[in-house]
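First up is the structure itself, then whatever we jot down about it.
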Amino acid sequence: MTQPISLHNRMIATETSISNIFIDEYMNRASGEFIKVYLYTLRLINAQETIAISNIADHLNCTENDVVRAFTYWAQEGLMELSYSKDMLTAITMLSPKSSKVAKEPSPLESEIVATTEAPMEANPEPMKNQDTETAAPPKKPSYTPKELSDSMASEELSQLIFVCEAYLGKPLSATELGTLYYFYDCLHFSTGLIEYLVEYCVSNNKKSMRYIETVAIAWYQEGIQTVEQAKDAARLHSQTYFSIMKALGIKRLGKSEEDYIAKWTTDYKLSLELILEACNRTILTIHEPSFKYVDSILTHWHKNQVTSLKDIKALDSAHHAKSALKENKPAPKVSTTTNNKFHNFPQRQYDYDSLQQQLLNKNL
């Protein structure tokens with residue numbers, strides 16, 4: 001029987017190893033603050049040091065909420081495993097980055113999603129369209145009593161959800177806000193992982209109002225979004241649409257009315273980004289200035305004519321040009337020399353103007 005040998009390290013760690021997979025596939029889609037927290041945490045763990053959220057915040061010159069949000073983000077990405085005790089973060093386990101070519105192990109925040117998914121997810125799945133939820137109105141939000149909320153959200157899973165959401169929003173949640181949060185879980189059937197990503201997504205867009213968060217949640221429900229990956233795909237598409245339209249019109253920011261126009265084109269009219277950008281380009285070429293109202297007039301016309309592709313636009317343009325050409329070549333309508341004036345309701349005399357002119361000349365001679 002051999003004696004176990006304990007190992008100790010007195011070497012000072014002067015280097016921190018970073019995975020190339022992290023650099024290639026994770027770093028480009030994370031915010032700078034999240035990357036700083038990840039790298040500093042990796043450095044502390046490699047040095048086998050204990051850490052405190054306040055110390056990390058002081059060292060990186062950010063808030064403690066920023067650090068918590070970063071930990072939550074990397075847990076969702078599968079690079080950290082977070083352990084809690086009585087709503088307090090007690091341990092962090094760093095996980096190896098996995099390439100997108102290899103199936104990623106679910107993090108604790110995504111485990112419920114994986115457990116309820118019937119089929120394996122593709123690398124970049126399209127948002128699932130559910131006939132019942134795409135067109136039907138969302139479930140009505142119940143009026144939860146304080147006791148119902150207290151009893152329903154007493155589980156460790158929902159307690160952790162409240163803790164993370166309060167960290168994102170930077171404040172304790174009111175009873176009304178807790179009721180809205182539980183509505184997502186109870187009636188919209190969102191997993192805790194999806195709710196956390198929902199709040200993170202809204203906060204990252206500087207929207208901390210629970211009313212706004214609820215609006216986004218209902219939109220996701222009606223689109224059939226059921227997983228974090230589907231929500232991320234929808235968010236990427238949403239961002240790409242906004243950025244492309246702003247670029248086409250030469251503007252740097254959108255107001256509420258402009259966002260409403262875009263929602264009308266993409267959600268109500270269900271027009272592709274290709275058609276929207278074509279309308280934007282025609283607007284600039286025609287009136288030489290960005291005008292959402294003018295773009296809307298073009299897209300509304302196309303929508304009424306059931307245009308769904310650039311080929312349809314070409315056919316509609318050809319028909320318009322043919323109609324215009326026909327109108328230009330049409331002989332002018334014959335204008336009547338008579339009127340309905342009561343002073344002309346009698347036979348008109350006929351004059352030989354050449355003869356009268358000659359008579360006038362002979363008289364003057």
Single residue of Leu198, Leu181, Leu188 found to be under 18 Å from the mean Cα position of the chain (by Cα), over 19 Å from Glu64 (Cβ atoms) and of a type in the set (A, V, I, L, M, F, W, C): Leu198
Six or more apart or on different chains, Cβ under 8 Å: which pairs go from a residue in region 311-326 that's touching a residue at least 12 places away in the same chain (Cβ under 8 Å) to one that's surrounded by 10 or more Cβ atoms within 10 Å (Cβ to Cβ) and of a type outside the set (A, V, I, L, M)? Could you list them? Ile313/Glu278; Ile313/Trp302; Leu316/Trp302; Leu316/Asn305
Can you pull out every residue in region 278-295 that is touching a Phe, Trp or Tyr at 6+ places or on another chain (Cβ under 8 Å) and within 16 Å of Ser244 (Cα to Cα)? Ala279, Thr283, Phe292, Val295
Name the single residue, out of those in region 27-80 being among the polar types (S, T, N, Q) and crowded, with 18+ Cβ neighbours inside 10 Å, that is farthest from Ile92 (Cα to Cα). Gln76
Would you point out which residue out of Ser107, Ser111, Ser152, Ser83 is at pLDDT below 85, in the same structural domain as Ile53 (by TED's automatic domain parsing) and of a type outside the set (D, E, K, R)? Ser83
Residue tally, condition within 13 Å of the chain's Cα centre (by Cα) and closer than 22 Å to Phe163 by Cβ, over region 213-247: 4
Have a look at Gln160, Gln76, Gln131 and point out the one that is among the polar types (S, T, N, Q) and modelled with pLDDT under 75. Gln131
Checking Thr116 against (1) at pLDDT below 85; (2) in contact with a Ser or Thr (Cβ under 6 Å, 6 or more places away or on another chain), only one condition comes out false. Which one? (2)
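The values are calculated or read from the model by the stated rules, or taken from the named source; none is laboratory data. It should be emphasised that the depicted structure is a prediction, and the values quoted were computed from it without experimental measurement. We place every Cβ from the backbone using ideal geometry, glycine too, and count neighbours over all the protein chains shown.
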